[in-house]
1. What number comes out for the charge environment of L59, summing +1 per Lys or Arg and -1 per Asp or Glu over other residues with Cβ under 14 Å away?
2. Show the residues, 5+ positions off or on another chain, whose built amide H is closer than 5 Å to the amide H of V241.
3. With charges set only on the Cβ (+1 for Lys and Arg, -1 for Asp and Glu), what does the dipole of the chain come to about its Cα centre, in debye to the nearest 20?
4. Along the Cα→Cβ direction, 7 angstrom out, place labels at Q19 and E108. What is the inter-label distance in nm?
5. Does segment 128-182 come out rounded, prolate or oblate, given a ≥ b ≥ c as the square roots of the eigenvalues of its C-alpha gyration tensor, rounded meaning a/c under 1.5 and, failing that, prolate meaning a/b above b/c?
6. Quick one: Karplus J couplings for segment 18-31, per residue in order, coefficients 6.51, -1.76, 1.60, θ = phi - 60°, nearest Hz, x for Gly and Pro?
7. Once you've got the GNM for the chain with C-alpha springs shorter than 10 Å, pick whichever of P234, P48, P188 has the biggest mean-square fluctuation.
8. Taking the Cα centroid of segment 143-187 and of segment 28-84, what is the distance between the two, rounded to the nearest whole Å?
Amino acid sequence: MAARTPLMAGNWKMNLNHQEAVVLVQKLAWTLSDKKHDPARSEVVVVPPFTDLRSVQTLVDGDRLPIKYAAQDCSAHDSGAYTGEISTSMLTKLGCSYVVLGHSERREYHQESDELVSAKAHKAVEAGLVPIVCVGEGLEVRQAGEHVAHTLAQVEGSLAGFSAEQVAALVVAYEPVWAIGTGEVATPDDAQEVCGAIRARLRELHGDAAADGVRVLYGGSVKAANVGAIMAQPDVDGCLVGGASLQADEFGAICRFY
Ligand code: PEP
C-alpha cells in the first residue's frame, strides 16, 4: 500500500485581497523554510478567494515555492451564461491543483446539495483538479448520535458516479459543522471515528485500492497546539484549516506537525 502524503489546506474564506495574499504566502514560505519543512512529509495548500489566485500563481511560480493553491468552489458548467461562476478550466489555467467543494458554508448559505457537489466534483476531475469534498454534521445531528450515518450519506451522495480509480485520488474533508470557527475542536477520537468510518465505507463501495489511496482530512478549529494529536489518528491524512491559516506562523507550524 502506497503511503498517503499528509495534506494541509488553509481555507482563507472571504479574507485577504490580492496584495495581502502575496504578503501571507511570502511569510508562509519563509516560515516553512525556517522550520526546514519537507514537502514529502506534508503537502501545503492555500485556498484563497478567486480574486487572489493570479497573484498567488505569479508568486509561487516565480519563486518556485513549495506551496500549492486551490479554489474555494467551481461551477458545475463548462462555460456560458452563468453570471458570477468560475469554471474548472479557468482554475487549471491559473495553475490550481485542488478545489474545495461542498464546504458547509456553501451547503448552508447557497443550499448546495450532495447532487450539485457531485456534479462539480466530476467537472473538477475531468479538468485535472483534485476535489477536496467537504462533509460533516451539524450540532443537532451530533447530539442525536446520527453523525456517522449523516456523514456517510453525504459521502455517498457527493462522490456518486466515481470509479474506484478516481476515488483513490480524491480528498474528503470531514468537518463537523459545530467545530468550524467555534474554537470547539472535536477530540482526536471523534475525528478518527468518522474519518475511519468514511474510509471503511469507501472500502465497501470501491475496494482496497480506493480506500487506501483516498485522503481523508479533518477540519474544525485545528491549531498548532492540537494538530499533533489529530494527525496521530490512523485515518486522518491531513487537515482543512480555516481561521488559523490566516496567520503564517500558526499555519506553518500546523504544516510542520511531523
Ligand atoms: C473551515 O472553514 O473549513 C474550518 C475548518 O475553519 P476553522 O479552522 O476556523 O474552524
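1. Working: positive: K27, R54, R64, K68; negative: E20, D52, D61, D63.
Residues near L59 contribute 0 overall.
2. Here the answer is A9, G10, N11, since their amide H atoms fall under 5 Å of that of V241.
3. Values: 21 positive and 33 negative charges, 159 e Å.
Around 760 debye, computed over the chain.
4. Going from the Q19 label point to the E108 one covers 3.2 nm.
5. Details: a/c = 3.85, a/b = 1.83, b/c = 2.10.
Verdict is oblate for segment 128-182.
6. 5, 6, 5, 4, 4, 4, 5, 5, 4, 5, 5, 4, 5, 4
7. Greatest mean-square fluctuation among the candidates belongs to P234.
8. About 23 Å separates the Cα centre of segment 143-187 from the one of segment 28-84.
Since every read-out is calculated from the coordinates, none of them should be taken as a lab result. These numbers come from a predicted model, not from an experiment. Counting neighbours? That spans all protein chains shown, and the Cβs are built from the backbone with ideal geometry, glycine included.
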